[in-house]
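Structure record follows, encoded as structure tokens.
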Amino acid sequence: MFPYDKYLRRDKFPHIWCTGCGCGIVLKALLRAIERSKIPKDDVAIVSGIGCSSRTPGYLDFNTLHTTHGRAIAFATGLKLAKRKLKVIVVTGDGDATAIGGNHFIHAARRNLDMTVIIYNNYIYGMTGGQVSPTTPAGKRSTTSPHGNVEPAFDISGLAIAAGAPFVARTTCYHAVQLDKYINKGIMKKGFSVVEVLTPCPTYYARPNRLGNAVEMLEWYKNNSIQIEVARNTSDEEKAGKITIGILHDSDRPEFCDVYSQLSARVREANKE
Amino acid sequence: MIVARTGNEAMAEAMRQINPDVVAAYPITPATEVVQLFSTFVHDGTVSTQFVPAESEHSAISACVGASSAGARVMTSTSSQGLALMHEILFIAAGLRLPIVICLVNRSLSSPINIHCDHSDSLASRDSGWIQIFTENTQEAYDTTLMAVKIAEKALLPAMVTTDGFIISHGMERVELVGDAEVPKFLGERKAKTSLLDVDNPITLGALDLQDYFFEHKRSEIDAMNHVLPIIDEVQKEFGKKFGRNYNTVDEYKMDDAEVAILAMGSTGGTGKVAVDRLREQGKKVGLIRCRVYRPFPKGAMLKAVSKVKVLGIMDRADTMSTLGGHLYNECRSILYDSEERPIMKNYIYGLGGRDISIEEIEDIYAELFNIQKSGEVDKEIVYYGVRGE
């Protein structure tokens, strides 16, 4: 049995998430990923914004910071720059990271600051009752698009890659084992790493869209996702409507703290002369 | 028509009847429902509003400013952090003299994170140039939302109507609705003097305005605020005449022969009135004053009300963080400076983060006010009521 208790604030339970919510699956995967990384608890800081996903750190026994809506990455940026030895992990949602906090997300990726951002993508604002979000697929229903969303959706991973994130992976709550592997890779990666995880919201997303219960949603993920290695050799027709999962992007480029340190060392050296 | 509605539902109904041209909003607890319900009216075609589900409150109020500049009738709804995020644009809406109306559900500002009621959010926007009206119950929230559109458009200033988070926003009450056809008749159409869409008469809004004319423009905005109270009185009178429910800028309850009184805002007014009734049954001469219109501050009506009693307990659901107590307390001390006779005042900061205030607690406060009346002295001017360690 995996020693989850070691990382939990047991007195904060029971949690607030709905039955069948994917947040718990991500929470456990995150703990397995941290355990595998062998990073001591006190060297980890977990930062969140506002929303269902962002309740995660409340249950976790690390250095934790619960911030305001959309600003988790901005707070985490300050934290990382002030205390570089900390392993900074941001847990956030699709609304938090790509709507109200979209700007911080793309700029942190551009800057390539060393942190891992786990984005729980449930296609709606769950905490406030299922309103349309930037990742609600076009045509899908939410409480503020009761006859279908008229706007196109963001591809979070695509956005991260385009903005310069050197490590981007996507998976789903059905692929729980893969999930902790990707989170671990993100943690071990030096630079801005993004793990997008599709999480079921049976309460607010499944109901208006008639997607069934939590188990059926997980089955939907299973049947409608395609591993990137397979996707590369599959025709566009065959993979239409399917979600590509896997490590979508893995590259290396200079990390912000390193670049910054080198610059300040250079300036100091020059001033000495 | 008499219906059962929560505060949020009642505000959404008012918005349906107002049928604004544009609504732009972003979800936030506990105000989300107002616009969420309204969005179903949009999607069902019950209203002809352009609805913008924006990516943040900052964007939502910015879209409102754009639409209002084009001459549209514009509304939105938010709360707490949402209003704080709008802060920058609040001043712009007022400075550009745009009559936008916000249905604001009062909720504490972070930190610590809290979703329940106090008045720190709207009071933090006190100086933004918005008209602020605090309501006591669902009926008043509904009525005031209708009136606020007319007041804002007459004054050419934006207005926020507030309800206490969860207490009013989620509490279901009996509400008397005005007939659907009556609302457009009462409000008329917004006739903006200028419009960004008037291509024959192009205008510039929000331009750089430095030492040369900024002060004059700001002075005219301040002057506009000076003229708001008569407009509110007029609209309230018209509303009362048409629909039978009468409102004042300052709500006095059993004040005529009162010896001691409490001054409060929001739903505590209602709780306090029950306490007043109970104490009156015991023959105690107590009254209650409720500050309904907070911005502009109704100096005349407030002076008249507070001058009636010997001892006044001022209940503030927020602190100014100035070491000088709450907002109402400071305003009242300020307006009383020139008065010959001043009541003895004591400030009770209460209910932060949604901590409940009961009828019994308000009765206790009245008992303390009678003790002050007897001794003629206040031991401690500012107290934090109902908090551990006081």
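Annotations for the structure displayed:
- Tabulated pairs, the range A:239-261, first closer than 15 Å to A:Lys190 by Cα, second open to solvent by less than 50 Å² (accessible area, probe 1.4 Å) and among the small types (Gly, Ala, Ser), C-beta under 8 angstrom, 6+ apart or interchain: A:His249/A:Ser157; A:His249/A:Ala160; A:His249/A:Ala165; A:Asp252/A:Gly191; A:Arg253/A:Gly164; A:Arg253/A:Gly191; A:Glu255/A:Gly191
- Criterion violated by B:Ala207 - all others in (1) small (Gly, Ala, Ser); (2) out of contact with any Lys or Arg (no Cβ under 8 Å at 6 or more places or on another chain); (3) surrounded by 10 or more Cβ atoms within 10 Å (Cβ to Cβ) satisfied: (3)
- Taking the range B:5-93 as the region of interest, the strands (runs of 3 or more DSSP E) fully inside it that hold 1 or more residues being open to solvent by less than 30 Å² (accessible area, probe 1.4 Å) are B:22-25, B:74-79.
- In the range A:129-168, the qualifying residues are those that are in contact with a Pro (Cβ under 8 Å, 6 or more places away or on another chain), hydroxyl-bearing (Ser, Thr, Tyr) and in contact (Cβ under 8 Å) with a residue 24 or more places away in the chain, and the one that is least open to solvent (accessible area, probe 1.4 Å) is A:Ser142.
- Complete set of residues in the range B:175-193 that are loosely packed, with under 15 Cβ neighbours inside 10 Å and in a loop (DSSP other than H, G, I, E, B): B:Gly179, B:Asp180, B:Ala181, B:Gly188, B:Glu189, B:Lys191, B:Lys193
- Scanning the range B:261-316 for residues that are open to solvent by less than 10 Å² (accessible area, probe 1.4 Å), in a strand (DSSP E or B) and over 28 Å from B:Glu377 (Cβ atoms) yields B:Val293, B:Tyr294.
- Strands (runs of 3 or more DSSP E) (entirely within the range A:163-267) containing at least 3 residues that are touching a helix residue (DSSP H, G or I) at 6+ places or on another chain (Cβ under 6 Å): A:167-172, A:192-198, A:243-250
Per-residue answers, yes or no, for (1) within 14 Å of chain A (Cβ to nearest Cβ); (2) aromatic (Phe, Trp, Tyr); (3) at positive phi:
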| site | (1), (2), (3) |
| --- | --- |
| B:Ser77 | yes, no, no |
| B:Ser80 | yes, no, yes |
| B:Asp118 | no, no, no |
| B:Thr144 | no, no, no |
| B:Ile151 | no, no, no |
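- If you go through the range A:254-273 and keep only what is within 24 Å of the chain's Cα centre (by Cα) and either of a type in the set (S, T, N, Q) or open to solvent by 90 Å² or more (accessible area, probe 1.4 Å) (or both), you end up with just A:Pro254.
- Any hit, the range A:210-226, residues being touching a Lys or Arg at 6+ places or on another chain (Cβ under 9 Å), at pLDDT 95 or above and within 23 Å of A:Ala165 (Cβ to Cβ): yes
- Leading residue by the ranking (surrounded by the most Cβ atoms within 10 Å (Cβ to Cβ)) among those in the range B:213-241 that are of a type in the set (Asp, Glu) and under 26 Å from B:Gly66 (Cβ atoms): B:Glu221
- Test: residue in the range B:97-116 that is touching a residue at least 40 places away in the same chain (Cβ under 8 Å), hydrophobic (A, V, I, L, M, F, W, C), part of a helix (DSSP H, G or I) and open to solvent by less than 10 Å² (accessible area, probe 1.4 Å): no
- Flag for A:Asp236 being under 24 Å from the mean Cα position of the chain (by Cα), at negative phi and exposed (fewer than 15 other Cβ atoms within 10 Å of the Cβ): no
The values are calculated or read from the model by the stated rules, or taken from the named source; none is laboratory data. Just so we're clear, the structure is a prediction, and the values are computed from it rather than from any experiment. Here the Cβ is made from the backbone with ideal geometry for all residues, glycine too, and neighbour counts use every protein chain on show. Calculation scope for accessible area: heavy atoms of the full protein, side chains included, ligands and nucleic acids excluded. Shrake-Rupley method; radii C 1.70, N 1.55, O 1.52, S 1.80 Å.
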